[in-house]
Every structure is written in structure tokens, then in C-alpha cells.
């Protein structure tokens, strides 16, 4: 995602997945400001069909993988696993020893995928919010 057009294409693809809470342009820029930030994105006929973002946490020596998605038509073909594995190789090349995911505890398909790749639940976090 080097150009504004690429960023907008990414945000549009992601918005189709997370219709209730898509990433804003400002949040995307915040993600991109992290050390070693990289998007690993899969395309078919110039259309984004899946993506992940990876980076190093600013205050820790730990990698993060976020915003994992695959469009519905391309699910159950191993694409999410491949994107995550590419992200892991990238973060390892940045000399990071650990990688974390943030995932909703009710997202059983994501939890199953992450466990199949060797991830373990280290801690759970609850977030509370209120509309103002």
C-alpha cells in the first residue's frame, strides 16, 4: 500500500468484510506508522481477495498481525493460512521472537485457524465501551 489509490482499494475491500466497524483512513495511517509495518495482500484479477497487516509494536520487541481477512468467495482454500505464514516469515526476518494476534473470543473460525498454525492463547482481554 504505497499509494493513496492502493490504500483506498484496501479500505474498500476490508469494509465489505467488517461492515459494522471498518478501518478508517486515519487508523490505517496509524497502523502504517508502526515499525516494520507491512501488508501482505492477495489479488485475483486486480481485486483484493485477502490481506493481513504485520508490524513491530512500538514499545515492545513483539510482532503483531492484524486485520486478517479473506473475501467470502475465497474462504476455505487455505488463503488465510498462507497470508499469515507470509506475515510470520516477514516478522521473523525483522528479528522478532514473538508474534501476537488480537481476535474476538467469539470468532471461533479465527481461533481454530490460529491454533492450527501453532498459536496459543496467552491472555484474554475484555474491552468495554459506551456510545456518547
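The values are calculated or read from the model by the stated rules, or taken from the named source; none is laboratory data. Just so it is clear, the model here is predicted, and its values are computed rather than measured. In this analysis, Cβ positions are derived from the backbone assuming ideal geometry, glycine residues included, and neighbour counts consider all displayed protein chains.
Consider residue 24 against the criteria (1) under 15 Å from the mean Cα position of the chain (by Cα); (2) surrounded by 12 or more Cβ atoms within 10 Å (Cβ to Cβ): it satisfies all of them except one. Which criterion is unmet?
(2)
Regarding region 92-107, can at least one residue be identified that is modelled with pLDDT of 90 or more, under 10 Å from the mean Cα position of the chain (by Cα) and crowded, with 20+ Cβ neighbours inside 10 Å?
No - not one qualifying residue is present in region 92-107.
Please verify whether residue 52 is in contact (Cβ under 8 Å) with a residue 12 or more places away in the chain, in contact with a helix residue (DSSP H, G or I) (Cβ under 8 Å, 6 or more places away or on another chain) and in a helix (DSSP H, G or I), treating the condition exactly as stated.
In short, no.
One residue is enough: does region 66-76 have a residue meeting the conditions in a loop (DSSP other than H, G, I, E, B), free of Cβ contacts under 8 Å to residues at least 24 places away in the same chain, touching a helix residue (DSSP H, G or I) at 6+ places or on another chain (Cβ under 9 Å) and farther than 24 Å from residue 33 by Cα?
yes
Against the definition (modelled with pLDDT of 90 or more and surrounded by 15 or more Cβ atoms within 10 Å (Cβ to Cβ)), how does residue 111 come out, yes or no?
no
Kindly indicate whether any position in region 77-85 is in contact (Cβ under 8 Å) with a residue 40 or more places away in the chain, touching a strand residue (DSSP E or B) at 6+ places or on another chain (Cβ under 8 Å) and buried (at least 20 other Cβ atoms within 10 Å of the Cβ).
Looking for residues that are in contact (Cβ under 8 Å) with a residue 40 or more places away in the chain, touching a strand residue (DSSP E or B) at 6+ places or on another chain (Cβ under 8 Å) and buried (at least 20 other Cβ atoms within 10 Å of the Cβ), one finds at least one in region 77-85, hence yes.
So, residue 15, is that one over 21 Å from residue 122 (Cβ atoms) and either outside any helix (DSSP H, G or I) or touching a strand residue (DSSP E or B) at 6+ places or on another chain (Cβ under 8 Å) (or both) or not?
no
Does any residue of region 32-39 turn out to be in a helix (DSSP H, G or I), on the phi < 0 side of the Ramachandran plot and either out of contact with any strand residue (DSSP E or B) (no Cβ under 6 Å at 6 or more places or on another chain) or surrounded by fewer than 17 Cβ atoms within 10 Å (Cβ to Cβ) (or both)?
Yes, region 32-39 has at least one match.
So residue 48 passes all but one of these: (1) under 11 Å from the mean Cα position of the chain (by Cα); (2) farther than 24 Å from residue 122 by Cα. Which condition number does it fail?
The single condition residue 48 does not satisfy is (1).
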